[in-house]
Amino acid sequence: MTTHVEVKALLVAAVASGQGKTTVTAALARKLARQGKRVRVFKCGPDFIDPMLLERASGAPVRSLDLWMVGHELCRSQLAQAAAEADVILIEGVMGLYDGTPSSADLSREFGVPVMAVIDAGAMAQTAGALVHGLRDYGPVEMAGVIANRVASEGHAKMVAASLRDIPLFATLPRQARSLPERHLGLVLPGEVLDIDQLLDNLADQLVFDEAAWERLRPVRIEIPPATTPQAPLLAGRTIAIARDPAFMFIYPANLDTLRQLGATLNFFSPLADEAIPAEADAVYLPGGYPELHAEALSQAGAWQASMRAAHAAGTPIVAECGGMMASADTLADQAGAVWAMAGLLPGAVAMQARLAGLGSQGLPTEQGVLRGHTFHYSRLETAVAPAAYTIKHPSAVQGEAWYRVGSLTASYFHAYFPSNPAAVAALFSRSAA
């Protein structure tokens, strides 16, 4: 019986955010895919937007790896499944290599995946070696090589390569005249960039790649975990209506998998298109997204708003996360300060602000145990409703986001990762909880 699989795998990491990890990972994924290799990409840590771009670059679904939120066993299972299907696995790290608890370095060591360091070489030359040797030795981690971003010339690349000593310069990418556009919460969504595939192809073309260094990469051995007990179908026979459009698209693919494994039928609808909640829905899920960018359209979506109020009045469980909660409040003030009427299920007003209002891994205590996830938002809710509970920040264990219950509505800035506690998720979408 096979107990492991082997695959070439790299964890693409950096000294800090802003070095070009996502750009480089996307360029590498697209270049390898165009060479005919089967590429699977993962994103380390909680994130919704980078995986969308990396999926576009690689042509395959992108899942999350996080030793705390996702958990060791599901991380290993996802890696083993990808290794069985792919020629190469790329894992984009989060923040700096050693930032966070757990960090990208922890993930690298846990699964024996060597690190490919991305450095912004735009304002340095020989100092690159000191930086990369420090990254390698501090942990330490196994350092497969370096990809130098924003390289000015072939001579510049040679200076960087010489400084690295025993660490190979794997590839270089020149400074880009046009970068991937960004907004609050991260990159602009791939579907909003008209020529995104041309942009990704251009990045792949400009990635100067050492084929010999690639061939020398050792395969990574991924242990195949034992089969798990099938999930009890706690939502069998239930239909869950899920908002999905440009205002509501921050949803882990694993969350949808979990709902299906629980036995639920999923039915997607678009509040932005003023679609009412499907009549057959036994529960409603409003995930996060960018309602603030579409507040005027949502305020005029009369059929959707009326269906929300009718479902709430009927006691239908409604789970609203972050952007979903914002759209469930009385009003939403956008970045320009204009105030728009929302669905009005949660008494209160939401306003955007320039400063980040919440960030990090958190867990929600429930009767079924802790439901893990994260928070990341630039808005604030003013409400007289007393929270039914609070999340707990990880790893500090201090109080996190408020979690509200108003009739059959549960709402919070907290984004839950459903596989971390399927029983708690089943309870959230059941009438007994509502």
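The values are calculated or read from the model by the stated rules, or taken from the named source; none is laboratory data. These numbers were taken from a predicted model, which means no experiment stands behind them. All Cβ positions, even for glycine, are placed from backbone atoms using ideal geometry, and neighbour counts span all protein chains on display.
Structural remarks
- Gly337 meets all of the listed conditions (1) touching a residue at least 24 places away in the same chain (Cβ under 8 Å); (2) in a loop (DSSP other than H, G, I, E, B); (3) not acidic (Asp, Glu) but one, namely (1).
- For region 39-93, taking the residues that are among the hydroxyl-bearing types (Ser, Thr, Tyr) and buried (at least 22 other Cβ atoms within 10 Å of the Cβ), the one that is nearest to Gln362 (Cα to Cα) is identified as Ser64.
- Test result for Val370, assigned by TED's automatic domain parsing to the domain that holds Tyr252, assigned to a loop (DSSP other than H, G, I, E, B), surrounded by fewer than 18 Cβ atoms within 10 Å (Cβ to Cβ) and touching a strand residue (DSSP E or B) at 6+ places or on another chain (Cβ under 9 Å): no
- For region 318-334, the tally of residues that are in a strand (DSSP E or B) and within 24 Å of Ser432 (Cβ to Cβ) stands at 4.
Residues are listed down the side, and each one gets a yes or a no for (1) assigned by TED's automatic domain parsing to the domain that holds Ala148; (2) assigned to a strand (DSSP E or B); (3) closer than 26 Å to Gln335 by Cβ; (4) touching a helix residue (DSSP H, G or I) at 6+ places or on another chain (Cβ under 7 Å):
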{"site": "Pro233", "(1), (2), (3), (4)": "no, no, no, no"}
{"site": "Thr258", "(1), (2), (3), (4)": "no, no, no, yes"}
{"site": "Asn267", "(1), (2), (3), (4)": "no, yes, no, no"}
{"site": "Pro271", "(1), (2), (3), (4)": "no, no, yes, yes"}
{"site": "Asp274", "(1), (2), (3), (4)": "no, no, yes, yes"}
{"site": "Glu280", "(1), (2), (3), (4)": "no, no, no, no"}
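- Residue match in region 263-281 (condition: buried (at least 22 other Cβ atoms within 10 Å of the Cβ) and in contact with a Pro (Cβ under 8 Å, 6 or more places away or on another chain)): no
- Conditions (1) of a type in the set (Phe, Trp, Tyr); (2) modelled with pLDDT of 95 or more; (3) within 25 Å of Ile392 (Cβ to Cβ): number failed by Phe48: (2)
- Failed condition for Gly348, given (1) over 21 Å from Cys44 (Cα atoms); (2) in contact with a strand residue (DSSP E or B) (Cβ under 9 Å, 6 or more places away or on another chain); (3) outside any strand (DSSP E or B); (4) of a type in the set (Gly, Ala, Ser): (3)
- Yes/no for Gly96 being at pLDDT below 95, under 26 Å from the mean Cα position of the chain (by Cα), part of a loop (DSSP other than H, G, I, E, B) and in the same structural domain as Val15 (by TED's automatic domain parsing): no
- Hits in region 161-171 - residues which are crowded, with 20+ Cβ neighbours inside 10 Å and either in contact (Cβ under 8 Å) with a residue 40 or more places away in the chain or not assigned by TED's automatic domain parsing to the domain that holds Ala27 (or both): Leu169, Phe170, Ala171
- Considered as a group, the residues in region 130-160 that are over 16 Å from Leu97 (Cα atoms) and touching a Lys or Arg at 6+ places or on another chain (Cβ under 9 Å) include one that is surrounded by the fewest Cβ atoms within 10 Å (Cβ to Cβ), and that residue is Ala152.
- All of Asp197, Asp205 fail the test of being surrounded by fewer than 19 Cβ atoms within 10 Å (Cβ to Cβ), at pLDDT 95 or above and part of a helix (DSSP H, G or I), apart from Asp205.
- With respect to being under 21 Å from Glu292 (Cβ atoms) and part of a loop (DSSP other than H, G, I, E, B), Ala354 fits the description.
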